[in-house]
1. Could you check, for segment 67-80, whether at least one of its residues is free of Cβ contacts under 8 Å to residues at least 12 places away in the same chain, loosely packed, with under 10 Cβ neighbours inside 10 Å and among the aliphatic types (A, V, I, L, M)?
2. So which residues in segment 16-49 are without any contact (Cβ under 8 Å) to a residue 24 or more places away in the chain and either touching a Gly at 6+ places or on another chain (Cβ under 9 Å) or among the small types (Gly, Ala, Ser) (or both), if there are any at all?
3. Given Leu29, Leu57, which one is in a helix (DSSP H, G or I) and either over 15 Å from the mean Cα position of the chain (by Cα) or under 18 Å from Leu94 (Cβ atoms) (or both)?
4. Hey, among Ser33, Ser53, Ser28, Ser71, which residue is of a type in the set (Ser, Thr, Tyr) and in contact with a strand residue (DSSP E or B) (Cβ under 9 Å, 6 or more places away or on another chain)?
5. Is it the case that Asp85 is under 25 Å from Thr16 (Cα atoms), in contact with a Pro (Cβ under 6 Å, 6 or more places away or on another chain) and surrounded by 10 or more Cβ atoms within 10 Å (Cβ to Cβ)?
6. Of the conditions (1) of a type in the set (A, V, I, L, M); (2) in contact (Cβ under 8 Å) with a residue 12 or more places away in the chain; (3) more than 16 Å from Asp25 (Cα to Cα), Ile52 fails just one. Which one is it?
7. Leu61 is checked against (1) out of contact with any Phe, Trp or Tyr (no Cβ under 6 Å at 6 or more places or on another chain); (2) at pLDDT 85 or above and fails just one. What number does that condition carry?
8. Right, Val8: on the phi < 0 side of the Ramachandran plot and in contact (Cβ under 8 Å) with a residue 24 or more places away in the chain or not?
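The values are calculated or read from the model by the stated rules, or taken from the named source; none is laboratory data. Small disclaimer: the values here were computed from a predicted structure and weren't measured. With ideal geometry, Cβ positions are generated from the backbone for all residues, glycine too; neighbour counts draw on all protein chains shown.
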Amino acid sequence: MPHQPLCVTEDSRQHTRDLLRRVGDTWSLVVVSQLVDGPRRFTELMRALPDISHRMLAKTLRTLNRDGLVSRTSYPEVPPRVEYDLTPLGHTLLIPLNTLTTWAETHSSEMEDNRTRFDQAQENKHKPHGPL
């Protein structure tokens with residue numbers, strides 16, 4: 001099956017880099033995964049992601065909202081209620097992210113083995129050989 005050339009134009013390369021930067025940051029993919037099943041309140045996300053700071057969660061949600069991947073709905077209640085949800089655009093990202101995640105999980109051991117072999121070869125290349 002022939003492959004379509006990837007990133008053949010500068011625009012294509014830039015768009016791809018932007019997307020990989022977004023989903024490759026520390027928290028965006030994790031936050032998106034928390035919104036797959038529907039809207040969540042900020043406090044729910046904080047509880048579900050105990051390792052993220054309040055500031056970083058707010059920043060991540062703001063960035064995802066700016067990109068149009070997450071919606072923010074504020075309800076005029078006391079106390080105020082704000083919910084975050086994936087937008088239709090955000091939902092279209094789930095299939096390629098799922099494919100990428102599956103690929104990474106499937107090939108992680110092979111890649112780690114390759115890194116180990118490479119690193120060992122680099123170490124051996126720099127070791128002195130023979131008697132001094």
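1. Scanning segment 67-80 turns up at least one residue that is free of Cβ contacts under 8 Å to residues at least 12 places away in the same chain, loosely packed, with under 10 Cβ neighbours inside 10 Å and among the aliphatic types (A, V, I, L, M).
2. Once the filter is applied, which keeps residues that are without any contact (Cβ under 8 Å) to a residue 24 or more places away in the chain and either touching a Gly at 6+ places or on another chain (Cβ under 9 Å) or among the small types (Gly, Ala, Ser) (or both), segment 16-49 yields Gly24, Ser33, Ala48.
3. Selected residue: Leu29, the only one of Leu29, Leu57 that is in a helix (DSSP H, G or I) and either over 15 Å from the mean Cα position of the chain (by Cα) or under 18 Å from Leu94 (Cβ atoms) (or both).
4. Ser71
5. So Asp85 passes the test.
6. (3)
7. The single condition Leu61 does not satisfy is (1).
8. no
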